Amino acid sequence: MNTRDWPIRAKLTALVVGPVTGLLALWIFATTLTFGPALDLLAARTLLYDLGRPGESVVAELQRERRLSVVQLAGDTALPALAEQRTRTDQAVAELRRRVDGEKLRDAADDLLDTRLDQLVSALDALPAGRGFIDSRKVDRAGAVGLYSGMIGSAFQAFSGMATLPDAELNREALALTALGRSRELLGQADALLAGAVTAGRYAEGEHEQLVRTIENQRFLAENAVADLPPAERARYQRLTEGEGFVRLRALQDTLVRARDLPAGLDVRAWETSYAAVSQGLRDFELRGADTLAERSVPMAARILVRLAAAGVLGLLAIVVCVLVALRVGRSLDRRLTGVRTAALEMAEHRLPDVVARLRRGEEVDVAREAPELDHGGDEIGQVGRAFNEVRRTAVQAAVDEVTLRRGLNEVFLNIARRSQGLVHRQLALLDRLERRTEDPDELAGLFQVDHLATRLRRHAEDLVILAGAAPGRGWRNPVAAVDVVRGAISEVESYDRVDVGEVQPAGVLGRAVGDVIHLLAELIENATVFSPPGTRVDVTGRTVPGGYTIEITDRGLGMSPPALAEANRKLSRAPEFDPADSARLGHFVVARLAARHGVRVELRPAVPGGTTAVVLVPSDLVTDEPALGPATDGAAGPDDRRMAKVTRLATVPRTRAARPGRDRPESAVLPMPAGRTSSVETPADGDGLPRRVRRRGPVARPRPVAVDNPAYRTPEEARRAMSALQAGTARGRRDGARRDAEPSPPEPPAAPDHPTATERDA
């Protein structure tokens, strides 16, 4: 039985119940052990009056009937006195049977006495059959003596069963009285044998030897019985044996023992008179001794019961006191230990998390107030309570220090990220000016590559901002087309040339979520390219679904095991606190933070036949209709349009469009034109309205402009005019491309085969 997980109340109860139960059992045992002898003493009176007196009457009647039966067998005629004696015997036996069958005697008797009472009743049941044998003379005098002696012996065995008193002195005296009764029975047997011999005029064969043995046994039993009597009773018995009848009977017994034949001068009258006097004297002595025992047992039983009551009450009182003390101490321990446990649980489950949450919200926390002193006494429990007070204070202080450290770390991240963002924005502005000033295709391609690296640096700087718990600075006011969002995310990935944009159904994303969605998709697309073989492609598709817009990113890598997939989805489903120890999956942390900010759901699924599919569900409250490709007029472009054009300029895959007849030039033969720039050699615009130019080798000795690290200062009006011109040119090119899509397209000039395009170089 494991008791380690038991509540403290159950353990204390077990500690109390065990000793109290043992003490109660001991009290019950002692009470029963003492109460039993008292009941035995009280039952001695019942046994005397319900068994002793009726049994002694049966024994006396059987002795008389035995003597008359032997005399009848010794003579030739039936004795009328025998019939009368049998009637008196039957009456005595009937009374004894009534007492034996009563509940009072049976309740007072123990198992041994019950058995001997049954034996006595069975022996008395043989009396009618024995009488029949005697009347038909089928038995001799010795057989008749044996028949009645056996019944009387069963009675004396029952009397011996009564001598089970708890007091040793009383029990020894009772056994002595029973032995005197047996000696009197042997005296009766000798009288019956002598009466038969006198009636027949001689001893039958073996009767003299039997008579001698009976007399000797009678004297032996009497001497031993008297030795166990109390001094007073022994003196009274001594006076009884000094009487005339005892002296004369002893002399006659000596005469019978010495003579082998029946003495001719035996005074039969003297024998009968002496025997009657001695037998009656012994009977009176026995009955008086039995009455004395019964009377002495009652006060002795009363004294035992009084002692028993006192001991029982005191023992019960001790048990009650023990139980009360145990309950009081147990409740006190339970209450105090429960108080310590409650304080510990409250600190661990409520107070400490609340303190940490408040600290993370920037609130001030008083350590002394949040970890007050708790008094649990001065014993061991109090010492544990004081130690726990220190632990609580240390835990709260540690939480304050940790949150302060985290806050400082976030500030460091944010400071570094803001500085990096400022430098990257300055770098992008410088690259933009260089791209506008550069006409050489090779230099322009290199600038595009540097611009792409700077764009990725900006995303990594935004990762630091997100790790610090702040929001990135990029944002749009107007909705942006979903395909442009996808292309903007692709432009921030290193291996953008491995990404294929499949079917992207028309839709728009609200401006407030565009920057974060681009960043989120860029993280997922970059994971798809990194964790898949270099020669495989990554597919990106988008479609409208009930509840929002879904973008799926599928790679053809090895995929993820089910446990790893489940763990990744668990992290992506919520915005966890940043743990510096878990830096292996920072991308998942950034994606989870961005998704939680706008309610976007991200889930990773196994791809068929292999790889992983990232499903991004943009909620419907962030999705709108796809915005127009450009303004209807040549007016100035807004800041959002200029910013989106800047983000998507390295997208290698245009919007989904139908192929035009006669246009089979590969995509690698053209280079995406930077926003706001024109080329000396332009081709008709593609279906998305973006013009493309063919690379041409410039003059060998063309001077190349030198880039300046620090960008020149530009007034807001100049920047607005430049960006408006950029947007107007882009919109014009898209409109021209849309018109040419409706007309037959003239054949395009072939690209220079000896000069690789910028896209090929980037690949």
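The values are calculated or read from the model by the stated rules, or taken from the named source; none is laboratory data. Just so it is clear, the structure is predicted and the values come from calculations on it, not from any experiment. For neighbour counting, all protein chains shown are included, and Cβ atoms are generated from backbone atoms with ideal geometry for every residue, glycine included. Quick note on the areas: whole protein, heavy atoms, side chains included, nothing else; ligands and nucleic acids left out. Shrake-Rupley method; radii C 1.70, N 1.55, O 1.52, S 1.80 Å.
Determine the principal axes of the Cα atoms in the stretch 241-327, then give the extent along each, sorted from largest to smallest and rounded to whole angstroms.
That works out to 92, 23, 16 Å along the principal axes.
Suppose a student asked you for the relative contact order of the stretch 481-600, using Cα pairs under 8 Å spaced at least 6 residues apart; what percent would you report? Write down the numbers at each step before the final one.
Values: 146 pairs, mean separation 28.8, N = 120.
For the stretch 481-600, the relative contact order is 24 percent.
Using modelled backbone amide H atoms (1.01 Å from N, in-plane), which distant-in-sequence or interchain residues come within less than 5 Å of residue 500's amide H?
So residue 500 has HN proximity to 538, 539, 540.
Starting from the stretch 485-549, pick out the GluC sites (Glu not before Pro) whose DSSP state is loop and whose Cβ has at most 14 other Cβ atoms within 10 Å.
Here the sparse-neighbourhood loop sites are 494.
If you filter the stretch 227-274 for trypsin sites (Lys or Arg not before Pro), then keep DSSP loop positions with at most 14 other Cβ within 10 Å, what is left?
260
Whole-Hz Karplus ³J(HN,Hα) for the stretch 81-91, in order, using 6.51 cos²θ - 1.76 cosθ + 1.60 and θ = phi - 60°, x for Gly and Pro?
5, 5, 5, 5, 5, 4, 5, 5, 5, 4, 5
Quick one: Karplus J couplings for the stretch 10-17, per residue in order, coefficients 6.51, -1.76, 1.60, θ = phi - 60°, nearest Hz, x for Gly and Pro?
5, 5, 5, 4, 5, 5, 7, 5
Residues of the stretch 215-276: accessible area per residue at 1.4 Å, in Å²?
61
Between beta-carbons, use under 14 Å as the cut-off and find the net charge around residue 615, counting Lys and Arg +1, Asp and Glu -1.
The answer is -1.
Which of the GluC sites (Glu not before Pro) found in the stretch 134-220 are loop residues per DSSP with 11 or fewer other Cβ atoms within 10 Å of their Cβ?
For GluC sites (Glu not before Pro) across the stretch 134-220 that sit outside H, G, I, E and B with at most 11 neighbouring Cβ atoms in 10 Å, the list reads 205.
By its C-alpha gyration tensor, with a ≥ b ≥ c as the square roots of the eigenvalues, how is the stretch 80-167 shaped: rounded for a/c under 1.5, else prolate for a/b larger than b/c, else oblate?
Since a/c reaches 1.5 and a/b is larger than b/c, the shape of the stretch 80-167 is classed as prolate.
Return the long-range amide H neighbours of residue 549 (sequence gap of 5 or more, or a different chain), with a cut-off of under 5 Å between placed amide H atoms.
When sequence neighbours closer than 5 places are left aside, the close amide H contacts are 618.
Can you run phi through the Karplus equation (6.51, -1.76, 1.60; θ = phi - 60°) for the stretch 51-58 and list ³J(HN,Hα) in whole Hz, with x for Gly and Pro?
Couplings: 10, x, 5, x, x, 5, 5, 5 Hz.
Given Cβ point charges of +1 (Lys, Arg) and -1 (Asp, Glu) and nothing else, what value in debye, to the nearest 20, does the dipole of the stretch 287-342 about its Cα centre take?
Around 400 debye, computed over the stretch 287-342.
Accessible area per residue, 1.4 Å probe, Å², for the stretch 49-196: what's the number?
Result: 40 Å² per residue.
Counting only residues 5 or more places away or on other chains, whose amide H sits under 5 Å from the amide H of residue 624 once H atoms are built in the peptide plane?
508, 509, 510
Could you work out the relative contact order of the stretch 279-410, using alpha carbon pairs under 8 angstrom and six or more residues apart, expressed as a whole percent?
Relative contact order here is 20 percent.
Would you work out the relative contact order for the stretch 60-169, in percent, from Cα pairs under 8 angstrom that are 6 or more residues apart?
Numbers: 62 pairs, mean separation 38.3, N = 110.
Averaging sequence separation for qualifying contacts and normalising by length gives 35 percent for the stretch 60-169.
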